[in-house]
1. Within segment 236-250, can you find the residues that are within 23 Å of the chain's Cα centre (by Cα) and within 23 Å of residue 307 (Cβ to Cβ)?
2. Given the criterion under 19 Å from residue 166 (Cβ atoms) and not basic (Lys, Arg), identify the matching residue among 249, 207, 260, 199.
3. Which one of 8, 30 is modelled with pLDDT under 90, outside any loop (DSSP other than H, G, I, E, B) and not hydrophobic (A, V, I, L, M, F, W, C)?
4. Taking strands (runs of 3 or more DSSP E) that do not extend beyond segment 89-137, which have at least 2 residues that are within 15 Å of the ligand (Cβ to nearest atom) and under 16 Å from residue 183 (Cβ atoms)?
5. So residue 251 passes all but one of these: (1) modelled with pLDDT of 95 or more; (2) surrounded by fewer than 18 Cβ atoms within 10 Å (Cβ to Cβ). Which condition number does it fail?
6. Given (1) closer than 30 Å to residue 295 by Cβ; (2) part of a strand (DSSP E or B), identify the lone condition not met by residue 72.
7. Of the residues that make up segment 303-310, is at least one more than 8 Å from the ligand (Cβ to nearest atom), free of Cβ contacts under 8 Å to residues at least 40 places away in the same chain, part of a loop (DSSP other than H, G, I, E, B) and surrounded by fewer than 20 Cβ atoms within 10 Å (Cβ to Cβ)?
Amino acid sequence: MKYITLANNEKVSQEILGLMRIQWKGVDENGNKTYLGLPVEDVEALIFKALDLGINFIDTADIYGHGLSEELIGKVFERNPGLREKLFVQTKCGVVSTSEGRRNSTEGSYIIECVNRSLERLKTDHIDSLLLHMPDALFDPQDVAEAFDQLYNEGKVRYFGVSNWTSSNIALLMKYSKQPITFDQEQLSIVHSFMVDGEMSVNQDWENSIERDTQKLAFCRLNGIQLQAYSTVVAKINERTFIDNPNYEKMNQIMDRLCEKYNTNKNAIALAWIQRLPENVMTVIGTTKVSRLEESTQACDVRLTAQEWYDLYYSTGKKML
Ligand SMILES: NC(=O)c1ccc[n+]([C@@H]2O[C@H](COP(=O)([O-])OP(=O)(O)OC[C@H]3O[C@@H](n4cnc5c(N)ncnc54)[C@H](OP(=O)(O)O)[C@@H]3O)[C@@H](O)[C@H]2O)c1
């Protein structure tokens, strides 16, 4: 496992265990599809396997299963005294879902309420990293900065970050916030690579040249913000993986060749592609299976050559400038 050094010389693993899918949807006794969650023993097994593999960072959010993901993690902590202290726990807030409807929010009082509820569910007295989950068109940077200060001063949150935000809004928040913005979590994979595409298709009339925040990679690098990639093997949101998917035949053929060369598996190659970026991007692994977690962490042993990286990149049909 490779480690990233944060402020205070604290070391966190480059690979993160993502615990969104433990919310697991099933059919309840009334025949309705609803979040039932995986058995707590399965979640426990995933977390212990992660630790065995050198992963010391877990990711969740208050909206995963309407709090169920955090609750399950809290149960695992309760069953295993001392486990919490071995892990860097990240959660997120910012999606309001009430009987009135659903919206995004970064209101300071709302952030504080969310953290207090997350602490209860997670059965802990502090969150290591809090991300603002979604952009908010009504965002007031001063209000957020004050909420961050309060949470930091009360010892409830140690590091702060964002997810799915534009570079400009991060810069705006940084201008007001005394607390550093340490993390930015974004969707990134060989297929969903808009952050890279923007840099590789600058100033063209191509689809990939459309501005989708093409400055994100350089912005984070310039400002010392640690990027985290999510949905690293998902083809498109709500679609299944591109691994062994006939829609991505050329990429899978290249992956087969690389698996043989590096004596590894395709999940590891997909993560190694992200980790090869100069930003040392952290990769969130969202599997519910211990065996897949084990396979994915082999990415740390693979360093793709520049040619292999570009071969995979262009295998999805992107044009070359
Ligand atoms: N900030 C955000 O807005 C945001 C959004 C989404 C997710 N996230 C975070 O990122 C984490 C990962 O996201 P994710 O779960 O969407 O991404 P992911 O890790 O790319 O996808 C995992 C999914 O792909 C399946 N999978 C993986 N390898 C496979 C293979 N070789 N063959 C068939 N299926 C395969 C997994 O199933 P198995 O369980 O069978 O392995 C799982 O359903 C989440 O847990 C969450 O923590 C954040």
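1. Of everything in segment 236-250, those that are within 23 Å of the chain's Cα centre (by Cα) and within 23 Å of residue 307 (Cβ to Cβ) turn out to be 242, 243.
2. Values: 249 fails: under 19 Å from residue 166 (Cβ atoms); 207 fails: under 19 Å from residue 166 (Cβ atoms); 260 fails: under 19 Å from residue 166 (Cβ atoms).
Sole residue among the options that is under 19 Å from residue 166 (Cβ atoms) and not basic (Lys, Arg): 199.
3. Values: 30 fails: outside any loop (DSSP other than H, G, I, E, B).
Checking each option against the conditions leaves just 8.
4. It comes to 127-132.
5. Condition not satisfied by residue 251: (2).
6. Result: residue 72 fails condition (2) only.
7. So the first thing to find is which residues in segment 303-310 are more than 8 Å from the ligand (Cβ to nearest atom), and the list is 303-310.
From the residues that got through so far, the ones that are free of Cβ contacts under 8 Å to residues at least 40 places away in the same chain too are 303, 305-307, 309-310.
Of the ones still in play, those that are also part of a loop (DSSP other than H, G, I, E, B) are 303, 305.
Pick out the ones that are also surrounded by fewer than 20 Cβ atoms within 10 Å (Cβ to Cβ) and you get 303, 305.
Yes, segment 303-310 has at least one match.
Okay, residues lined up against (1) surrounded by 23 or more Cβ atoms within 10 Å (Cβ to Cβ); (2) polar (S, T, N, Q); (3) not in a helix (DSSP H, G or I):
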site	(1), (2), (3)
22	yes, no, no
37	no, no, yes
41	no, no, no
55	yes, no, yes
66	no, no, yes
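The values are calculated or read from the model by the stated rules, or taken from the named source; none is laboratory data. Since the structure is predicted, the reported quantities are computational estimates derived from the model, not experimental observations. With ideal geometry, Cβ positions are generated from the backbone for all residues, glycine too; neighbour counts draw on all protein chains shown.
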